[in-house]
1. Give me the net charge for the shell around residue A:115: Cβ to Cβ below 11 angstrom, other residues only, Lys and Arg +1, Asp and Glu -1.
2. Using only Cα atoms, tell me the angle between helix B:184-197 and the longest principal axis of chain B; keep it within 0 to 90° and round to the nearest 10.
3. If you build the Cα gyration tensor of the stretch A:35-160 and take the root of 5 times each eigenvalue, what three semi-axes come out, in whole angstrom, biggest first?
4. Between B:138, B:151, B:181, whose Cα lies farthest towards the positive end of the dipole of the stretch B:78-207 when Lys and Arg beta carbons carry +1 and Asp and Glu beta carbons carry -1, centred on the Cα centre?
5. What is the helix-to-structure angle for B:123-133, meaning the angle in degrees between its Cα long axis and the longest Cα principal axis of chain B, kept from 0 to 90 and rounded to the nearest 10?
6. Out of every Cα pair in chain B, what percent are spaced more than 29 Å from each other?
7. Note down the relative contact order for chain B as a percent, whole number, built from C-alpha pairs under 8 angstrom at least six residues apart.
8. Nearest 100 Å², what total accessible surface is buried between chain A and chain B (probe 1.4 Å)?
Amino acid sequence: MATPRTLFDKIWADHVVRTEEDGTALIYIDLHLAHEVTSPQAFAGLRETGRKLRRPDRTIAVADHNIPTTDRSKGIEDPESRLQVETLEKNVKEFGVPYYAVDDIRQGIVHIIGPEQGLTQPGMTLVCGDSHTSTHGAFGALAFGIGTSEVEHVFATQTIVQKPAKNMRVTVNGVPPMGTTAKDLVLAIIGQIGTAGGTGHVIEFAGDAIKNLSMEGRMTVCNMSIEAGARAGMIAPDEKTFEYLMGRPHSPKGGAWEQAVAYWKTLPSDEDAVYDTEVTMDAAEIVPYVTWGTSPQDALPITATVPRPEDFEDEGRQNGVARSLEYMGLDSGMDIQDIKVDTVFIGSCTNGRLEDIRAAAEVAKGRKVADGLRALVVPGSGLVKEAAEAEGLDVILKEAGFEWREPGCSMCLAMNADKLAPGERSASTSNRNFEGRQGPGGRTHLVSPAMAAAAAIKGHLADVREFLS
Amino acid sequence: MEKFETFTGVAAPMPAQNIDTDKVIPARFLKTIQRKGLGKNLFNDMRYNTDGSEKEDFILNQPAYRNSEVLVVGDNFGCGSSREHAPWALSGFGVKCLIGTDFADIFFNNSSKNGMLLIKLPQDIVDELMEDASLGANARLTVDLENQTITRPNGEVVKFDVDPHKKHCLINGLDDIGLTMANKKDIDGFEGKDDMSRPWMPSTAAK
């Protein structure tokens with residue numbers, strides 16, 4: 001009998017173009033997503049060497065990191081941001097790459113639009129010059145974040161050079177308590193395995209608590225695989241995956257659909273497949289989470305207190321914790337719920353989808369944002385924005401005092417005008433609480449959309465369960 | 001890509017764990033469309049005050065370390081974003097080699113594609129090299145990729161492992177694209193087969 005294989009093993013095997021003696025493989029890439037920040041030097045490299053794009057028909061480009069989330073009719077004010085977006089526009093024209101322009105309803109964050117358009121499909125290999133490419137693994141695709149040299153390599157050859165990753169399985173069983181979302185699950189997972197726990201591995205997320213998530217929730221979980229250091233995160237495709245994809249603009253149609261689904265059903269890991277590393281968690285024990293420090297692994301339940309450096313064993317970690325607390329302006333032992341916030345950011349490739357905006361609106365409905373607090377809601381794409389408006393979510397949020405913005409990456413990494421001032425503190429639905437991530441000197445607490453809305457109403461980090469009946 | 005040649009240089013100690021690529025080069029410096037010119041913003045927010053003046057206590061601002069070519073770093077250096085601007089900034093500053101117990105995967109890959117050598121060694125050896133590095137400008141390390149050795153200031157030689165493919169590319173200054181293009185027939189063959197076996201694969205062209 002054939003050796004049992006994991007989801008990763010199967011997709012890998014189906015994409016090997018050739019293997020060298022030392023195990024290095026040339027892997028075919030089915031879909032390449034490009035954006036304005038990590039592509040200009042790659043296009044320039046093609047131009048310098050006289051190379052062409054091998055598969056423009058398997059490449060899609062969009063501007064997302066730099067673009068303003070306020071009125072766009074005036075263009076981009078910042079000259080460097082404007083040049084980067086204009087450079088992308090020029091490059092896609094020169095190299096014949098399909099592009100969703102800034103005024104196209106399909107424009108949005110690169111990791112939101114792939115799934116939305118049905119471009120992201122099970123069994124695919126997919127890359128993008130962005131570490132959160134792991135998002136697409138929610139469909140049972142193998143999706144890697146790559147650097148600009150590799151972007152150029154994929155442009156020219158439609159392949160990447162890699163050695164196979166190790167397999168890790170994170171199984172989350174049980175029913176999560178009320179108020180616990182996909183974001184809380186993944187923060188708890190990263191808190192347990194650590195920010196380097198997944199290095200060298202592809203993580204397969206499994207168990208009832210993962211299976212029971214919506215596709216949107218699964219994307220949130222896979223999105224943050226990189227925060228555990230993993231090369232990719234993935235979830236086996238199932239009926240929910242197929243239902244999400246059916247009828248989307250680029251999904252297979254008719255006979256091709258039947259053929260695709262038959263193949264997709266062969267992808268889930270074989271029952272006896274062996275993993276290099278296994279982690280098991282009980283969803284019933286995971287309450288709403290929040291980060292207190294400057295690494296995504298610095299995550300604790302909202303009911304906890306800010307830790308002390310000496311709570312950690314390793315000396316290096318103790319030093320890191322002390323530095324984080326100083327940067328974050330927090331005292332050990334204080335209740336996390338007593339931490340006041342100045343800004344709330346709801347959006348990003350982690351939590352900028354319709355379900356996320358619904359969750360925030362549910363908490364915000366009939367309530368008011370705390371005095372003096374700035375609260376932004378930035379939909380992940382033009383289509384997410386349109387769908388949210390069709391449900392009246394924008395009205396609920398605006399009545400509560402939230403700002404309703406145009407789609408983009410926005411305050412997740414503050415490359416556009418949306419940023420924290422030095423010393424300002426946010427509750428943010430994004431993915432990184434690194435020093436300066438949301439603006440130099442800014443302080444970030446990562447939370448779910450519902451928890452972010454609760455913090456906006458209360459003016460401090462708050463337990464969303466108080467708001468839910 | 002420039003060839004990696006044996007060199008003797010100053011090593012700076014950066015023992016903090018999890019130095020992420022946002023620390024190496026904050027996002028606001030990613031607006032460039034060039035690869036060059038990022039060295040001045042390497043570790044920007046650790047290195048400069050908000051008024052642009054240097055922070056005296058930052059290691060690379062200290063007289064002994066201003067021309068460091070090696071960084072001995074804490075665990076999981078380069079975690080976070082896939083930005084290749086991080087290795088561009090390091091190499092723009094003049095860094096040729098990083099030594100640590102482990103590096104984040106994407107950063108590790110990106111660095112080798114820019115002529116930089118990243119060496120993984122066990123904790124006790126990294127601790128010793130960290131001590132060497134803390135001795136300042138007179139305690140230089142010699143890094144020899146051909147023989148896979150680091151020579152410490154006391155003359156002791158440390159061996160290290162390196163991926164043979166990466167070593168070959170670094171020593172000869174080869175980029176992967178040229179090597180892969182030489183296997184074009186294999187890619188053509190794969191596509192021909194794949195068009196038959198997975199005919200539903202989407203085209204990104206307008207719908």
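1. On the way: positive: A:218, A:248, A:353; negative: A:116, A:216.
My count for the surroundings of residue A:115 gives +1.
2. The helix B:184-197 is inclined about 50 degrees to chain B.
3. On the way: eigenvalues 100, 75, 29 Å².
Working through the eigenvalues yields semi-axes of 22, 19, 12 Å.
4. B:181
5. Taking the Cα atoms of chain B, the angle to B:123-133 is about 60 degrees.
6. Of all Cα-Cα distances in chain B, 32 percent exceed 29 Å.
7. Numbers: 361 pairs, mean separation 51.8, N = 207.
Across chain B, relative contact order equals 25 percent.
8. Numbers: alone 18280 and 11870 Å², together 24560 Å².
Approximately 5600 Å² gets buried when A meets B.
The values are calculated or read from the model by the stated rules, or taken from the named source; none is laboratory data. Quick caveat, the model's predicted, so the values are computed rather than measured. Positions of Cβ are backbone-derived with ideal geometry, glycine not excepted, and every protein chain shown enters the neighbour counts. Quick note on the areas: whole protein, heavy atoms, side chains included, nothing else; ligands and nucleic acids left out. Shrake-Rupley method; radii C 1.70, N 1.55, O 1.52, S 1.80 Å.
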